[in-house]
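Bear in mind that the values in this text are calculations on the coordinates, not laboratory data. Please read all numbers here as calculations on a predicted model, not as lab measurements. Because the Cβ atoms are built from the backbone with ideal geometry, glycine has one as well, and the counts that use them run over all protein chains shown.
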Amino acid sequence: MNKRLVKLDDIKIIDVVYGTSFIIGDSHRATPFARVIAIQKEGARFDEEAYSYEQFPLFTRQFKRLPPPGAVNDIHYHHNPTINVGRVRVNGASTSSMIQIGSLDELDADARVKHIRILQDEQEENTGID
Amino acid sequence: MAFIVHNWGLHVGNVDITGISSSSVFLIGDNKQILLNSYFDTPAESLIIGPFVPLGTNSGTADNTVETTEDE
């Protein structure tokens, strides 16, 4: 498939964080991924070594995959060779995301986020955090 | 099966996005295949403060106030 040109007058992005890309131009394939353990703990002490991805099945379970492409013969006629956009404002992009001005053949993005909150009064009754 | 697409003119004015989060995409252009996967385990009682504090925009208006609510 032949790609169209993008004409963009103005873009402003405040924040691009955690495995996110902002790309101007064409590219073939992007495979961003992010693994996040977000822990909020009450109290002064925090032991970063105590947590690993292997502890949580969310980081090892499989994603569903698409069947291989090519099953449909598609023909695209671009009667106008450009995509025209005036102004773009993005406040933020986070955790294995993409912002692209231009064409992209394949995108395969994975994100796994585990939120944990550890409260002091709960720790006195139960030491498990899973 | 024949799948034929006619792309006539495409003109967009303004785009305003607050957040693109967790395996998401904002693309201006042509594309062949997109595969987006996301797992999250977020307890309902979690306090979530995103990184998107709108610094420096709309200065001097009441929109600058960022509210975060924490449950009891």
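Under 18 Å Cα to Cα from residue B:32, which lysines show up? Leave out anything in the same chain fewer than 8 places away.
Straight-distance partners of residue B:32: A:3.
With only alpha-carbon pairs counted, each pair once and no self-pairs, how large is the Kirkwood hydrodynamic radius of chain A in angstroms?
Answer for chain A: a Kirkwood hydrodynamic radius of 18.8 Å.
For the residue pair residue A:119 and residue A:50, what label-to-label distance in nm results when each label sits 7 Å from Cα along the Cα-to-beta-carbon direction?
For residue A:119 paired with residue A:50, the spin-label model returns 1.7 nm.
Please list, in order along the range B:13-23, the HN-Hα scalar couplings obtained from phi with the Karplus expression 6.51 cos²θ - 1.76 cosθ + 1.60 (θ = phi - 60°), rounded to whole Hz, x for Gly and Pro.
3J(HN,Hα) across the range B:13-23, in whole Hz: x, 10, 10, 10, 10, 7, x, 10, 10, 6, 6.
For residue A:38, which sequence-distant residues (separation of 5 or more, or a different chain) have an amide H within less than 5 Å of its own amide H, given hydrogens modelled in the peptide plane?
Those lying under 5 Å, H to H, from residue A:38 are A:114, A:115, A:116.
Let's test the formula: R0 of 22 Å, r as the Cβ-Cβ distance of residue A:73 and residue B:34. What FRET efficiency results, to the nearest 0.05?
Details: r = 19 Å, r/R0 = 0.88.
Step by step, r from the Cβ atoms, then E = 0.70.
For the range A:1-64 and the range B:1-43, write down the distance between their C-alpha centroids in whole Å.
16
Please give the contour-minus-distance gain from residue A:40 to residue A:58: 0.36 nm per residue of separation, less the Cα-Cα distance, rounded to one decimal in nm. Please report the intermediate quantities before stating the final value.
Details: separation 18, 0.36 × 18 = 6.48 nm, distance 1.83 nm.
Answer, rounded to one decimal: 4.7 nm.
Treating cross-link reach as a plain straight distance, find the lysines whose alpha-carbon is under 24 Å from the alpha-carbon of residue A:114, omitting any fewer than eight places away in the same chain.
Cα-Cα hits under 24 Å: A:41, A:64.
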